[in-house]
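Some notes on the structure that comes next.
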Amino acid sequence: MARIIVVTSGKGGVGKTTTSASISTGLAQRGYKTAVIDFDVGLRNLDLIMNCERRVVYDFVNVIQGEATLNQALIRDKRVENLFILPASQTRDKEALTAEGVQKVLDEMSETFDYLVCDSPAGIEHGALMALYHADEAIVVTNPEVSSVRDSDRILGILQSKSRRAEQGMDPVKEHLLLTRYNSERVERGEMLSLEDVNDILSISLLGVIPESQAVLNASNQGSPVILEDESEAGGAYADAVARLLGEERPLRFLDGQKKGFLKRMFGG
Amino acid sequence: MSFFDYFKTKKKSSASVAKERLQIIVAHERNTREQPDYLPELQQELLAVIRRYVEIEDDQVQVQLDRNDSCSVLELNVTLPEEVADPQ
Ligand SMILES: Nc1ncnc2c1ncn2[C@@H]1O[C@H](COP(=O)(O)OP(=O)(O)O)[C@@H](O)[C@H]1O
Ligand SMILES: [Mg+2]
């Protein structure tokens, strides 16, 4: 039985695809058989970040509609063992992602994978609902900025009412906050919401803080998940997040100055 | 209070303004999210009943359900127009 993790946010452009690529790569590096699934029908992006855009033959919707088998559609990553990509369909209408179809594909994948990472499209419409419906865990990607925090709170409400776990009265979806594009200098100047501020409002458990970093753009230019740049701050922060996802304790890095007291309280580090 | 403290309290950082605004809107949205599905309809029906007697606008009837551990309170807030509220 695979563990299903949705990477979601409500708001677009906050770093969901960047996060899906790095978290799935990190899990595979740790030896877990992992697939990352692009739910962004029409706007396929994950294949570019994962550097497999020229190897896409069949996609998620082809599998749902029985035009290809799962094995035909899954792309094996060339750098990291145990890592597979299921690309989104680029052309078809968004309704092609039916609840039953998604369920069928995830069920089949659950038999052979340890982790399924679902990269959600933006918004709170059909595609985003399909991506989060089956989740066991949710990584809520949030930027320290008003509209992103508000949208994250909405997504949390949806996870608590419209997910399969909520509908069937099972244990709730495990929620994790991932604060990305964090600029600690701006936080210290009072120009940006701090980790503590966002935490006060959303109050869910913290998976990590990813600094705003040039390395993310460099990595995406080259089609390489930033977690593979282990010299970079963003890469290191994603590796820490993967460790925490697996239940390991890691002190927060790459944050300086005034928030130390608060971090010590939270992580005892 | 020193001269500098005066300026500190006077000019809030934009981040703290953002936090305050977020706290208010998020609390409001969570509250409406937790309301039962029948509430809008209940509100419409109450409006219709009250309109048999007084002319009021849509937003003059507010209905809200507050759930506590042991009981729930349905709070009904009707604002009447001034001439009705204050008969000569
Ligand atoms: N930590 C970061 N530092 C700098 N740029 C980032 C960071 N995370 C994401 N970005 C950039 O933000 C943009 C949107 O990221 P993406 O992952 O595609 O967001 P989403 O999938 O939520 O729409 C991309 O250009 C990406 O390179
Ligand atoms: Mg995306």
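Numbers below:
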quantity	calculated
Low-density loop positions, trypsin sites (Lys or Arg not before Pro), segment B:46-84 - DSSP coil, at most 15 other Cβ in 10 Å	B:R52
Which of B:T79, A:T25, A:T98 is most accessible, then next, and so on - probe 1.4 Å	B:T79, A:T98, A:T25
Taking segment B:21-79 and dividing mean pair separation by its residue count, relative contact order in percent (alpha carbons under 8 Å, at least six apart)	25 percent
Sum of -39500 (n - 2.57) over DSSP H runs of 4+, divided by residues of chain A (222 nm, nearest 500)	-11500 deg cm²/dmol
DSSP bridge orientation in chain A - percent antiparallel, rounded to nearest 5	5 percent
Most mobile listed residue (A:R154, A:R44, A:R189) in chain A, GNM with C-alpha springs under 10 Å	A:R189
Label-point separation, A:Q168 to A:R30 (7 Å along Cα→Cβ), nm	2.4 nm
With DNA, RNA and ligands ignored, accessible area of A:R150 (1.4 Å probe; Å², nearest 10)	80 Å²
Dipole moment magnitude, nearest 20 debye, chain A about Cα centre, only Lys, Arg, Asp, Glu C-beta charged	180 debye
Aspartates and glutamates with Cα under 14 Å of A:K94, excluding same-chain neighbours fewer than 8 positions away	A:D38, A:D40, A:D59, A:E125
Selection from A:V117, A:V61, A:P87, by position along the positive dipole direction of chain A (Cβ)	A:V117
Rounded to whole Hz, the Karplus (6.51, -1.76, 1.60) HN-Hα couplings of segment B:52-59, x for glycine and proline	5, 10, 9, 7, 9, 7, 3, 7
Most mobile of A:G15, A:G66, A:G208 in a GNM of chain A (Cα contacts under 10 Å)	A:G66
Sequence of A:Y32, A:Y133, B:Y38, B:Y53 when ordered by accessible area, the most exposed leading, probe 1.4 angstrom	B:Y53, B:Y38, A:Y32, A:Y133
Pairs of alpha carbons in the protein assembly as shown whose separation is greater than 40 Å (percent)	25 percent
Net charge dipole size for segment B:21-79 [Lys, Arg +1 and Asp, Glu -1 on Cβ; Debye, nearest 20]	120 debye
In Hz, Karplus ³J(HN,Hα) per residue of segment A:122-139 (6.51, -1.76, 1.60; θ = phi - 60°; x = Gly, Pro)	5, x, 10, 8, 2, x, 5, 5, 4, 5, 8, 3, 8, 5, 8, 9, 10, 9
Inter-chain shielding of A:133-142 (mean C-beta neighbours from other protein chains, 10 Å cut-off)	0
Inter-chain Cβ neighbour average for residues B:16-27, partner chain, 10 Å	5
D (Stokes-Einstein, µm²/s), Kirkwood Cα radius, segment A:131-268, 1.306 mPa s at 10 °C	100 µm²/s
Whole-number D in µm² s⁻¹ for segment B:21-79, Kirkwood Cα-pair radius fed into Stokes-Einstein, 4 °C, 1.567 mPa s	100 µm²/s
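The values are calculated or read from the model by the stated rules, or taken from the named source; none is laboratory data. What you see is a predicted model, and the numbers here were worked out from it, not measured in a lab. Neighbour counts run over all protein chains shown; Cβ positions are idealised from the backbone, glycine included. Areas reflect the complete protein model, heavy atoms only, side chains present, ligands, DNA and RNA absent. Shrake-Rupley method; radii C 1.70, N 1.55, O 1.52, S 1.80 Å.
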